[in-house]
Structure formats: C-alpha cells, structure tokens
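Visitor: My structure is below; once you've seen it, I'll send some questions.
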Amino acid sequence: MVEAGRFPLVVTAVIKRVRVTKILMDGGSGINILYKDAFDKLNMDIRKLHASLSPFHSIVPGRPFMPLGMIDLFVTFGDSVHY
C-alpha cells in the first residue's frame, strides 16, 4: 500500500557487471532478495553463500521461508556505468 509521499521505485542496476532490470526499491524492507534464477543468470557459485539462520516471514502469507544463504554483492547505480 502506497502512503502519501512514499512511492516504490523501480530501477536498473549493475551487479557483477551484469545489467539487472526491474529492481524494486521500497525503503520499507529490512531485507533484499535475489531470487535463485537471477543468481544463476549472474553465473554465481552457490558455494559463495554464507549460512543464514533466519527464515523470512510474511513474504508468502502464512509460510516461513528459509533463504539459501547470504552474500555481499557490489552493486552500481547511476549513469556513469558502461555495459
């Protein structure tokens, strides 16, 4: 639900030199999710994930989900990026 003065923003970014489109930034979430298919398209090694012991709640109502893991990624936003 959109509050007055707060609108979600859909942006494009570069992650690992790959242009990723349609990234939702809402400012209200404490987590950032990269779905497995996007992870695979970035040709990332799943063994680089760090263990996560915290399940996600309220992503799908009534069902907790355990993430595959956590990772730190270098992400670039802005016009100075060359593809």
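The values are calculated or read from the model by the stated rules, or taken from the named source; none is laboratory data. Given the structure is predicted, the values throughout are model-derived calculations rather than measurements. To get the accessible areas, we keep the full protein, side chains included, count just its heavy atoms, and leave off ligands, DNA and RNA. Shrake-Rupley method; radii C 1.70, N 1.55, O 1.52, S 1.80 Å.
Visitor: Ordering I71, I15, I46 from largest to smallest accessible area (1.4 angstrom probe), what's the sequence? Don't skip to the end; give the middle numbers.
Guide: Numbers: I71 55, I15 15, I46 80 Å².
Order by accessible area, largest first: I46, I71, I15.
Visitor: Karplus couplings for the range 38-53 from phi (6.51 cos²θ - 1.76 cosθ + 1.60, θ = phi - 60°), rounded to Hz, Gly and Pro as x?
Guide: Calculated HN-Hα couplings, in order: 5, 4, 5, 5, 7, 6, 8, 7, 4, 5, 7, 6, 9, 4, 10, 9 Hz.
Visitor: Tell me, what HN-Hα J-couplings in whole Hz come from the Karplus equation 6.51 cos²θ - 1.76 cosθ + 1.60 at θ = phi - 60° for each residue of the range 12-22, using x for Gly and Pro?
Guide: For the range 12-22, the Karplus curve yields 10, 9, 10, 10, 6, 6, 10, 6, 10, 9, 6 Hz.
Visitor: Follow-up question, since we're still on this one. Under the rule of at least 5 residues apart or a separate chain, name every residue whose amide H is placed under 5 Å from the amide H of V20.
Guide: Hits under the 5 Å cutoff: A13, V14, I15.
Visitor: Here is a further query. Can you sort M70, M44 by solvent-accessible area, 1.4 Å probe, largest first?
Guide: Details: M70 100, M44 25 Å².
Ranked from most to least accessible, the order is M70, M44.
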